[in-house]
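The values are calculated or read from the model by the stated rules, or taken from the named source; none is laboratory data. Here the structure is a predicted model, which means the values were calculated and not measured. Every residue, glycine as well, gets a Cβ built from its backbone with ideal geometry; the counts of neighbours run over all protein chains shown.
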Amino acid sequence: MDNPISVSEKLKNNLIHSDKVSRDKKIDFLIAIMPELCRDSIKEILTLLNLTDYLKIFDTRSRPKFEINDENEKLLTAFKENNLIASYQENPEKEGYYKIIRFKSATKTLPQELL
């Protein structure tokens, strides 16, 4: 956990798939290795951990909401720190839930002479 970069891929896979490792420890491990994972690997682990609501973060057409609790706060903080979301906040429209804030897509305006 302290130095996940030095852990072999085989050991990482064994830890994520192991029945002997608690779900909380697996989530902590995911958070620890998240900086070195590609989006597809993150999605795969989220599915393995039955955290499928988090897959909606990668779908720009969805607006996922997460119940306010320690586990969701820990995961959303990790997503923010790894630049997968811009931020998250309590949802003013649905009390007791977080909503995510995505990065604004950079839209470029055309020069006037091209219009």
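Structural remarks
- Candidate set from segment 1-16 (those that are assigned to a helix (DSSP H, G or I) and loosely packed, with under 11 Cβ neighbours inside 10 Å); member that is modelled with the highest pLDDT: Lys10
- Single match in Lys74, Lys65, Lys56 (criterion: of a type outside the set (A, V, I, L, M, F, W, C), in contact with a Lys or Arg (Cβ under 7 Å, 6 or more places away or on another chain) and surrounded by 13 or more Cβ atoms within 10 Å (Cβ to Cβ)): Lys65
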